[in-house]
Amino acid sequence: MTGQGLKNIYIFIGTAILLTTCGLPKEVSHVVESRPKEMVELPTGYCNLFPTTSFEQWDKDYNSFDRYLTSDIMQTQMGLSYTINGVHIWRCVPSARTHVQLDTTTMITDNNEVVGNWRIACNRTITYEDSVVYADKKFYRTSKVVKDVKDDDVFLSMTADKFKLYAKEKGNSSFKKIAIKNYHIESKRYLMLYGLSKARAAIAFVGLDKEGRLIINSYYVQERKVKDVYVVYQATMTQMVFKKITT
């Protein structure tokens, strides 16, 4: 994977610049380097919730997640709308309002649970697409794994307020710093990564699964529609699942 590809994988970090001079802190470097990376295989819909594929129910299910949105989250959502060949297109990245969302059973009830050192266990990109043709009033759902990164290694350190991400690409001998950001968990499910202001924060979903693994999902959303003919909702999810490690 190229350096540009690596930055695309971690796009939810926002404007972070890839730094090549700083590696892992010495106190954790020997622990990470001495242990094998343990990757896991997960279903494409793992820990995700989807609207019911019913013409009458879909909107209700989609809107039910709005109760978790706050003014701080909404001010980060800057979508772009345009029309090409009669198709109206709206897109937003990263998006906090998407038709596929992290399961609410993974919500962070105690922020101390995310504090610690984490190593990548699953690193992939999946596209989910729901579409409806108004003439038959039926929804259609598809999903596709776009990228499954097994060779790169990723290390995440989270303190009470700092998010520090490091990565080692295939063929490299050492980890390199990706970003150090302030973070805040909003509504027990949104990860806000920011520099000086939350208003410019990048948004991802964050949660803990039943195995205690840390899930971070970021979404690129696109809606395409022709009035009274069809509409397509596409969410491309970059998912990183981490296992906690002790030092």
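Evaluated against (1) loosely packed, with under 14 Cβ neighbours inside 10 Å; (2) farther than 16 Å from VAL231 by Cα; (3) aromatic (Phe, Trp, Tyr), TYR68 falls short on exactly one condition, (1). Whether a residue is at pLDDT 90 or above, among the hydroxyl-bearing types (Ser, Thr, Tyr) and within 16 Å of the chain's Cα centre (by Cα) was assessed, and TYR10 does not pass this test. Inspect the stretch 80-96 for any residue being under 19 Å from MET107 (Cα atoms), surrounded by 12 or more Cβ atoms within 10 Å (Cβ to Cβ) and among the hydroxyl-bearing types (Ser, Thr, Tyr) and give the result as yes or no. Yes, the stretch 80-96 contains at least one residue that is under 19 Å from MET107 (Cα atoms), surrounded by 12 or more Cβ atoms within 10 Å (Cβ to Cβ) and among the hydroxyl-bearing types (Ser, Thr, Tyr). All conditions but one from (1) closer than 19 Å to ARG213 by Cα; (2) modelled with pLDDT of 95 or more; (3) of a type outside the set (Ser, Thr, Tyr) apply to LYS164; the one that does not is (2). Looking at the stretch 127-145, which of the residues that are in contact with a Lys or Arg (Cβ under 7 Å, 6 or more places away or on another chain) and aliphatic (A, V, I, L, M) is modelled with the highest pLDDT? Once the filter is applied, the top-ranked residue is VAL145. Here ARG224 does not qualify as modelled with pLDDT of 95 or more and closer than 20 Å to VAL115 by Cα.
On the stretch given as the stretch 55-78, residues that are over 22 Å from ALA199 (Cβ atoms) and acidic (Asp, Glu) total 3. Within the stretch 155-172, residues that are within 17 Å of LEU191 (Cβ to Cβ) have Cβ atoms under 8 Å from residues that are modelled with pLDDT of 90 or more and part of a loop (DSSP other than H, G, I, E, B) in these pairs: MET158/VAL115; THR159/VAL115; ALA160/VAL115, counting only partners at least 6 apart in sequence or on another chain.
The values are calculated or read from the model by the stated rules, or taken from the named source; none is laboratory data. A quick note: this is a predicted structure, and the numbers were derived from the prediction, not measured. Reconstructed Cβ throughout: ideal geometry from the backbone, glycine too, with neighbour counts over all protein chains shown.
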